[in-house]
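Here is the structure we will look at.
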Amino acid sequence: MKTEHIDIPAGSTGAVLQLTAFRFGKAGARPSVYIQAALHADEIPGMICAAHLRDELAAREVAGEISGEVILVPVANPIGLSQDVLGNPIGRFDLADGGNFNRGFPSFSTALAEAVRGRLGLDVGENVTLVRMALGRLLTECPAATSAEHLKKALVGLAMPCDLVLDLHCDAEAAMHLYTHSASAMTFAPLAARLGCKAFLVAENSGGDPFDEAVSRPWFELSTQFPDVPIPFACQSTTVELRGQGDVCDEMARADAEAILGFLQDVGALTGKKSPLPASLCNPTPLSASLPLIAPVCGILTYRRDVGTRVVESEKLAEITDPLTGQRTEILSPCAGMFFARTALRFVKPGRRIGKVAGVTPARSGYLLSP
Ligand SMILES: [Zn+2]
């Protein structure tokens, strides 16, 4: 295990934050898999899963079982992890400017097409090398001023040269689920099965430029722009939501780490005895068919259904009670599907998103992610 530290300017004189990456296997070996946790810094299920992964990967490296390369960043957001307001951790948004730490990553597709135009040939390997070098140059030239911009640049720099990228998050209260590019559904189906995902959400472009799309979309979009030359989908990524923020325990984290290690074996990054692939619990569905529940009124939120429940359209999922009048407002499911996530709040205001149901019929467009 090699340890690498990357300094992140903390935005004030004398202050520096540090990103730590652990590298397992031989540098440059393929497939290379990048795994990071807690980009939203107060999402701890990924962090504890990464702690188990670190121990397991170190043991497997000693046993000679790492055939590719694995790069692990257990704490992807030291900026967010240092944020605290009156005792409450704030890990999703940058207190400096309100920016969501997992939105607004650099989007290289247009500049990449210009950088490689007329230089791509019929050799797949040469094209991959050319595109990786062009992406590396674009990232180097990408301006960064704020701490969050430096952090984003450093994370993309670690992940972009890899074949596969896993970004470990969690929701407020949720069943296991993941997000990926529509063209990566097959690639990550074994991971979804091993983790026991109840929802598997796919999109070509979620509209928010999250981390996972910064490294994957340039490849897919380049291949659609230049259909006459072979350009593989050479960096595929997924955002894995390891249930809810309170789901932090060693038993679950150990099982999640085992599932990820099994996937690393599936893709050939690890050798050793492989556990059988379990049956998947869900099929991929469009992210544009995942519908939010919106609170129409202010009041006390009580749920009628647990996360991970399959529901029918108009099924009652929750109620909001006005504490002064006692009036109750029913919250009905906007579609049939998997009720996979809900808020941790129990007093809500009008317009607040209070849950998500993964349906099958696309019903939204544009910006598809949560704020
Ligand atoms: Zn997150």
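Quick note: the coordinates plus some simple rules give every number you see, no bench work behind them. Worth saying up front: this structure is predicted, and the values here are computed from it rather than measured. Quick reminder, even Gly has a Cβ in these numbers, built from the backbone with ideal geometry, and neighbours come from all protein chains shown.
Specify which residue in the list THR3, CYS170, THR321 is farthest towards the positive end of the charge dipole of the chain, using unit charges on the beta carbon of Lys, Arg (+1) and Asp, Glu (-1), about the Cα centre. Of THR3, CYS170, THR321, it is THR321. The loop-placed trypsin sites (Lys or Arg not before Pro) in segment 117-182, going by DSSP, that have at most 14 neighbouring Cβ atoms within 10 Å of their Cβ come out as ARG117, ARG119. Kirkwood radius and radius of gyration were both taken over the C-alpha atoms of segment 2-282, and their ratio Rg/Rh is 0.95. For THR309, the residues whose amide H sits under 5 Å from its own are PHE339, ignoring neighbours fewer than 5 places away on the same chain, with H placed 1.01 Å from N.
Derived scalar couplings between HN and Hα for segment 165-182 equal 9, 10, 10, 8, 10, 8, 9, 5, 10, 7, 7, 4, 7, 9, 10, 7, 5, 3 Hz in order, rounded to whole Hz, by the Karplus curve 6.51 cos²θ - 1.76 cosθ + 1.60 (θ = phi - 60°), x for Gly and Pro. Among the trypsin sites (Lys or Arg not before Pro) in segment 4-109, those located in a DSSP loop and surrounded by at most 13 other Cβ atoms within 10 Å of their own Cβ are LYS26. In the chain, the longest principal axis of the Cα atoms and the axis of helix 185-195 are about 60 degrees apart.
Between ARG119 and MET133, the distance separating the two model label sites (each 7 Å from Cα on the Cα→Cβ line) works out to 0.7 nm.
Sorted from greatest to least, the principal axis extents spanned by the alpha carbons of segment 234-371 come out as 63, 35, 26 Å.
Karplus-derived 3J(HN,Hα) values for segment 343-358, using 6.51 cos²θ - 1.76 cosθ + 1.60 with θ = phi - 60°, are 6, 8, 6, 10, 10, 10, 10, x, x, 6, 6, 10, x, 9, 10, 8 Hz; glycine and proline are entered as x. Dipole magnitude for the chain: computed about the Cα centre from +1 point charges on Lys and Arg Cβ and -1 point charges on Asp and Glu Cβ, it is near 440 debye. Along the charge dipole of segment 2-282, which of CYS49, LEU277, ALA199 sits closest to the positive end, that is, farthest toward it, with unit charges on the beta carbon of Lys, Arg, Asp and Glu (+1, +1, -1, -1)? So the residue furthest toward the plus end is LEU277. Each semi-axis of the equivalent ellipsoid for segment 1-151 is √(5λ) with λ an eigenvalue of the Cα gyration tensor; in descending order they amount to 30, 25, 12 Å.
Ellipticity at 222 nm from helices only: DSSP H runs of n ≥ 4 in the chain, each -39500 (n - 2.57), divided by the residue count, give -9000 deg cm²/dmol.
The GluC sites (Glu not before Pro) of segment 106-212 that DSSP puts in a loop, and whose beta carbon has at most 16 other beta carbons within 10 Å, are GLU204. Dimensions of segment 115-197 from C-alpha coordinates, computed as largest minus smallest value along each principal axis and given longest first, are 46, 39, 17 Å. Take the Cα radius of gyration of segment 64-112 and divide it by 2.2 N^0.38 Å, N being the number of residues; the result is 1.69. A simple spin-label model places pseudo-atoms 7 Å from Cα toward Cβ; at ASN88 and SER275 they are separated by 3.7 nm.
Taking LYS2 as the anchor, which lysines have their alpha carbon closer than 28 Å to its alpha carbon, excluding any fewer than eight residues away along the same chain? In chain and number order, the partners are LYS26, LYS152, LYS153, LYS273, LYS274. Since only SER182, LEU81, THR309 are under comparison, the one whose Cα sits farthest along the positive direction of the charge dipole of the chain, derived from C-beta charges on Lys, Arg, Asp and Glu, is THR309.
The average projected area of segment 286-358, computed from the convex hull of its Cα atoms over all directions, is 4.3 nm². For segment 55-70, 3J(HN,Hα) computed residue by residue from phi via the Karplus equation (6.51, -1.76, 1.60; θ = phi - 60°) reads 5, 5, 5, 5, 5, 6, 5, 4, 7, x, 9, 9, 8, x, 10, 10 Hz, glycine and proline entered as x.
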